[in-house]
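Visitor: Just dropping this structure here.
Coordinate-derived values only; no laboratory data. Keep in mind it's a predicted model, so treat the numbers as computed, not measured. Glycine also receives a Cβ, built like all others from the backbone with ideal geometry; neighbour counts cover every protein chain displayed.
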Amino acid sequence: MDSWVIAMMLGVSIFLGSIALAAFLWGIKSGQFDDEEKFLNAVKFDGEEELNDAALQQKKRDKLKKKHYTPE
């Protein structure tokens, strides 16, 4: 390859990377990733049935691990 092609690809990749970094930093600064209530609402509105089902599924997983079962 010619050196100008490599230089052009390097320049374009740095330019696109800087745009992505600027968008990410803008998202952090504007609070796009702040979701304080998500986990609190999940705990508040979980029913007893869902929690019991989760406990049963975990017990089944533990039994299968004791039998050295490996899913395909």
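Visitor: In straight Cα distance, which aspartates and glutamates are under 20 Å from LYS29, not counting same-chain residues fewer than 8 positions off?
Guide: By straight Cα distance, LYS29 reaches GLU37.
Visitor: Apply 1/(1 + (r/R0)^6) to the Cβ-Cβ distance of ASP46 and LEU25, taking R0 = 22 Å, and write down the FRET efficiency to the nearest 0.05.
Guide: Using R0 = 22 Å, I get an efficiency of 0.05.
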